[in-house]
1. Among 91, 126, 286, whose Cα projects farthest towards the positive end of the dipole of the chain, with charges put on the beta-carbon of Lys, Arg (+1) and Asp, Glu (-1)?
2. Among 257, 60, 231, which residue has its Cα positioned farthest towards the positive end of the charge dipole of the chain, with +1 placed on the Cβ of Lys and Arg, -1 on the Cβ of Asp and Glu, and the dipole taken about the Cα centre?
3. Apply 1/(1 + (r/R0)^6) to the Cβ-Cβ distance of residue 212 and residue 186, taking R0 = 30 Å, and write down the FRET efficiency to the nearest 0.05.
4. Would you calculate the separation in nanometres between label points at residue 172 and residue 40, each defined as 7 Å from the Cα along the Cα-to-beta-carbon direction?
5. Just the Kirkwood number for the chain, please: inverse of mean 1/r across all distinct Cα pairs, in Å, one decimal.
6. Roughly speaking, what is the centre-to-centre gap between the range 265-296 and the range 77-113 when only Cα atoms are used, to the nearest Å?
7. Past 30 Å, Cα to Cα: identify those pairs from 57/269; 77/245; 90/226; 78/112; 66/188; 78/225, in the order given.
8. If the only charges are +1 at each Lys and Arg Cβ and -1 at each Asp and Glu Cβ, what is the size of the charge dipole of the chain around the Cα centre, to the nearest 20 debye?
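The values are calculated or read from the model by the stated rules, or taken from the named source; none is laboratory data. What you are looking at is a predicted structure, and each value in this text was computed from that prediction instead of being measured. Note that each Cβ is placed from the backbone with ideal geometry, even for glycine, and that neighbours are counted across all protein chains shown. Note: areas computed on protein heavy atoms with side chains; ligands, DNA, RNA excluded. Shrake-Rupley method; radii C 1.70, N 1.55, O 1.52, S 1.80 Å.
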Amino acid sequence: MDQPINKNITNRCTFMGLPSSGKTSFIGAFWHVVESGEINSTFTVTVPPGDREYLNKLRSNFLDCKVQERTKIDFVKKIEIEVTEQSSGKLATFVFPDLSGETFESQFEYRKLTGDYIEQVSECNSLMLFINPRTLKKSYLISALNGMFEDGEEQEAIVLETATTATRWTPKLCQTQVVLVDLIQIIKNNVHTPCKIGVIISAWDTIKQSLDPDEVNLSPGEWLKKELPLLSQYLFANRESFPSKVFGISAQGGEYSENDNTELQGKLKPSERLIVQDDDVISHDITIPLKWLFDE
Ligand SMILES: Nc1nc2c(ncn2[C@@H]2O[C@H](COP(=O)(O)OP(=O)(O)OP(=O)(O)O)[C@@H](O)[C@H]2O)c(=O)[nH]1
Ligand SMILES: [Mg+2]
């Protein structure tokens, strides 16, 4: 028997990402696109959410080119919207919370998950993992560090100097990719697998405007492989439990300035500021990752 076209599937998604990874900016731009209908997006919103106040605040920051406020650690805004896939008419409820990046930082540091978070991840069927290229703590290859030393004598002097000036290691110094792999691993037994992970490389404008010609031409997946190889390999090795796809998204369209955003605000439709890269295809449709998450 054919499936009824309007079967409503609830997609519960957990938004995951360290501080300043671009979660709230994504939500503001996403809400503008689905509600305004300005561009031909894959999804539109059909039933307005009960609490639009929060979403409208984020949207007006997006329209005014204002940086979103940092989400407070004890603030959990659960958002529930009903979206319709334009091409098929399929309805889906999309439930996702805006969580503070500090929540995730503290999970890594203190090795503790709250009961609410465990309940949330055990109910979800997908994750969106946000990574901001501007706030990465990167890895250094031993070969690159070795290149800094010229001969044994110099090496010894540097080691001595380092020993006296070394700062104490804290979890906050850990590489971004190590923390992110850990955050996925610690919920592995709580989520229903397979659980798709949409990896969002935020502030994608900074990569597209990079002066390094090798970087500009990277697809989001290639960028992840190059910059966060441990995470990329972890996702590949665990592809049965966590099928993943990487998207590059600029929810602002560029860097906001405190004084003058005429270039960004000069677009006829604010949604046209958005940069969304899916493999080699670039568009303004910020709903594309949802399509991939929702497809069976
Ligand atoms: N250039 C550029 N910067 C961006 C973009 N999206 C977000 N940012 C910047 O990234 C920083 C963090 O953005 P948020 O959306 O607040 O990040 P968050 O993950 O919600 O952060 P927390 O609330 O601290 O967890 C801000 O300084 C933004 O201006 C973008 O598309 N382009
Ligand atoms: Mg936030």
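1. It is 91.
2. 60
3. Values: r = 34 Å, r/R0 = 1.15.
Calculated transfer efficiency: 0.30.
4. Each label point is offset 7 Å from its Cα along the Cβ direction, giving 4.9 nm.
5. Values: mean 1/r = 0.0485 Å⁻¹.
Kirkwood hydrodynamic radius for the chain: 20.6 Å.
6. 18
7. Working: 57/269 19 Å; 77/245 26 Å; 90/226 37 Å; 78/112 21 Å; 66/188 36 Å; 78/225 32 Å.
Too far apart for the 30 Å limit: 90/226; 66/188; 78/225.
8. Values: 30 positive and 43 negative charges, 197 e Å.
Dipole size: approximately 940 debye.
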